[in-house]
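The values are calculated or read from the model by the stated rules, or taken from the named source; none is laboratory data. Just so you know, these numbers come straight off a predicted model, no measurement behind them. Here the Cβ is made from the backbone with ideal geometry for all residues, glycine too, and neighbour counts use every protein chain on show.
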Amino acid sequence: MRKSDAHDRDGAEREDAVREARRLTPALYALGRVLRLRGVEEAGLPPLPPSDLEVLRYVMEAPGTGTGALARELGLHASNVSTVVKGLVALGLVRREPDPRDRRAVRLFATVDAVHGMALIEDAWAELFADALSALSAEQRAALAAAVPALGALGASLRERRAAAGS
């Protein structure tokens, strides 16, 4: 195969990928929006802004994370993260512990109340999605279930690319 043929094939594959991404991205964004804006009220919990929920979820997924890493990972300003964390601590959803390697730094952990509350929110999300899924055909539900591993891999790839770009 000539070098120009390979280049043309790579260009065509890239164009196909961009076309697929343009179709997929709005749908994923709409689903993310539902998750950010729903669930807390349905779970019977006090209102929590989407940014607070996002910080709390990250602390739950990465126990012991620091505010700097949290800000980098979520693409937020450190001062905004500090404000959100302060509010979550006041609500009893996050606790701070001194970092044993650097006493000036803190590590963040979700409290039992946060874990319980997030379980309620995730149950509410499941109920919301179950209602919506029941309106879909069996084939559409099967396609969504089959896509779960690929969506997980896509999320991991996006996180890796972001981490590589930040280093």
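At-a-glance table
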quantity: Criterion: over 17 Å from the mean Cα position of the chain (by Cα) and either of a type outside the set (Lys, Arg) or on the phi < 0 side of the Ramachandran plot (or both) - qualifying residue of ALA62, ALA105; calculated: ALA105
quantity: Selected residue (criterion: nearest to the chain's Cα centre (by Cα)) from residues of the range 34-49 that are loosely packed, with under 13 Cβ neighbours inside 10 Å and at pLDDT below 85; calculated: LEU37
quantity: Qualifying residues in the range 50-74 (those that are under 18 Å from MET118 (Cα atoms) and among the charged types (D, E, K, R)) - the one surrounded by the fewest Cβ atoms within 10 Å (Cβ to Cβ); calculated: GLU61
quantity: Residue within the range 95-111 that is surrounded by 15 or more Cβ atoms within 10 Å (Cβ to Cβ) and under 23 Å from ARG33 (Cβ atoms) present; calculated: no
